[in-house]
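Bear in mind these aren't lab numbers, they're just calculated from the coordinates by the rules spelled out. Nothing here was measured: the structure is a model prediction, and the numbers come from that model. All Cβ positions, even for glycine, are placed from backbone atoms using ideal geometry, and neighbour counts span all protein chains on display.
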Amino acid sequence: MFIDDKGKLFGKVNFLDLLVILIIIAALAFGGWYFMRNKGGDGSRLTIRYTIESVQKEPEYFDHIIPGESVVDGQTKQPMGKIVSFEKIPTRILAQDNENMTLVYDELEGMYDGYIVVELDAEVDYPDLKSGDEEIKLGKLVAYRSESAAIHGYIVGIDYDAEKLKEMK
């Protein structure tokens with residue numbers, strides 16, 4: 001047979017040692033494939049604009065939102081684009097009108113909601129849009145920093161060329 005009395009394959013290599021080496025090589029190959037399969041995508045990029053809603057802030061908060069400033073993720077310091085524009089509107093809350101037994105919108109005095117538009121040259125790993133390891137997706141709670149402000153809110157809109165994104169499949 002192929003294995004002799006001493007457990008050596010063809011009289012030269014110990015069968016168990018060879019089996020252990022093959023298992024280690026297979027584990028390393030699988031581990032490399034597993035961790036590298038989604039890294040970096042195919043290098044496709046797409047310019048997107050996404051809107052962050054920041055609610056119930058005092059008016060002074062928006063004095064520090066400056067179009068043209070770069071924003072980074074507050075924890076990872078990953079670049080997340082540049083502020084393109086922003087709009088602030090009085091905060092409106094849903095309240096009950098006890099006289100008419102209806103629900104009405106009331107303004108919260110001295111409080112504003114802001115909509116901050118950020119532009120980013122995003123990486124596309126279809127269908128995901130990313131900046132480094134940070135995903136850009138609707139409903140995501142973000143904590144960003146610019147040179148002048150700390151921005152906290154939810155992503156409520158993403159604008160991009162849908163046809164170009166489909167071509168990147």
Checked against a 29 Å limit on the C-alpha separation, the offending pairs among 88/140; 88/164; 57/77 are 88/164
Between 0 and 90°, nearest 10: helix 15-36 axis offset from the chain longest Cα axis: 20 degrees
Please give the direction-averaged projected area of the C-alpha convex hull for the stretch 73-169, in square nanometres with one decimal. 8.9 nm²
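Show that you can apply the helix-only estimate: for the chain, add -39,500 (n - 2.57) for every DSSP H stretch of four or more residues, divide by all residues, and state [θ] at 222 nm to the nearest 500.
Working: 2 runs with 28 residues, N = 169.
After summing the helix terms and dividing by residue count, I get -5500 deg cm²/dmol.
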Gaussian network model of the chain, springs between alpha carbon atoms under 10 Å - residue of 20, 118, 156 with greatest fluctuation: 20
Computed from the beta carbon distance with a Förster radius of 41 Å, FRET efficiency for residue 103 and residue 44 to the nearest 0.05 stands at 0.35
Using a Gaussian network for the chain with springs between C-alpha atoms less than 10 Å apart, which of these wobbles most: 31, 68, 81? 31
Going by average Cβ density within 10 Å per residue, which order do the peptides 70-76, 105-111 take, highest to lowest? 70-76, 105-111
Considering the values (1) 56, 19, 16; (2) 41, 25, 15; (3) 23, 20, 15, which represents semi-axes √(5λ) of the Cα gyration tensor in Å as calculated for the structure under consideration? (1)
Top mean-square fluctuation among 90, 127, 59, Gaussian network model of the chain, C-alpha springs under 10 Å? 127
